[in-house]
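The values are calculated or read from the model by the stated rules, or taken from the named source; none is laboratory data. Because the structure is predicted, anything quoted here is derived from the model rather than measured. When we count neighbours, we look across all protein chains shown, and the Cβ atoms used for this are built from the backbone with ideal geometry, even at glycine.
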Amino acid sequence: MNPYGVDWLPFLRFVASRINTETGTQYADDPTIALLSFAGEVDGINGGDNIYGLTTAQLTGFYRTVENFWHEAALGQLLTAGGLSQLYWNSGIDWRAIFSLPHNDINSLHAYTSDDVAISVPAVAEFSRSEGKPWIIEEFGFPASAACCTDESIQPGASTADEKNCSVTHLYFSSRLVLSQVADW
């Protein structure tokens, strides 16, 4: 079954009306929900993992439908099209169209490979900057060596793409360290 071709609205109505047991508030009205992320890690449409015949139009339409619904149901909650991946090759995922949807408030991706770090991260960062939208890496799990991320490889005023990517990667690892330290307090 193609999960992006199914009507998700009955499920979303159920979720929107569900009561948060901690706050006693319906999810759609709950100010403690800052960001809702929809179904990331999509299989590459042009790859061998697409066993259910997903098309680019179906995928973009799915995100348009669920984001439009949730925007109307839960005003004030930020939305994102899940952590998209496989953006560094011609996967058939039209991430620029998805990230440009009117209710996609934050662009998010997953970074697990050196290609994600070297190609996808800078592309999403630049696109987001041009659209005036924030972006996040929802998940990452690449070894530091996959992105040439060592203190010795990062030079101030980096000018080559590789050095810039190393600096960006170092920033994420530094942020992760700071966030984990805050979480430990």
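Things worth noting here:
- Just one of the listed residues (Pro102, Pro122, Pro156) is part of a loop (DSSP other than H, G, I, E, B) and modelled with pLDDT of 95 or more, namely Pro102.
- Matching residues, the stretch 104-131, being in contact (Cβ under 8 Å) with a residue 40 or more places away in the chain and farther than 22 Å from Ala39 by Cα: Ala118, Pro122
- Only a single criterion out of (1) assigned to a helix (DSSP H, G or I); (2) within 13 Å of the chain's Cα centre (by Cα); (3) polar (S, T, N, Q) is not satisfied by Asn68, namely (2).
- Screening Ile33, Ile98 for residues that are on the phi < 0 side of the Ramachandran plot, buried (at least 16 other Cβ atoms within 10 Å of the Cβ) and without any contact (Cβ under 8 Å) to a residue 40 or more places away in the chain leaves exactly one candidate, Ile98.
- The set of residues in the stretch 1-45 that are part of a loop (DSSP other than H, G, I, E, B) and within 18 Å of Glu72 (Cα to Cα) comprises Asp7, Trp8, Arg18, Thr25, Asp30, Pro31, Thr32, Ile33, Ala34, Phe38.
- Residue list for the stretch 48-83, restricted to those being more than 22 Å from Asp7 (Cβ to Cβ) and either among the acidic types (Asp, Glu) or surrounded by 19 or more Cβ atoms within 10 Å (Cβ to Cβ) (or both): Asp49, Gly83
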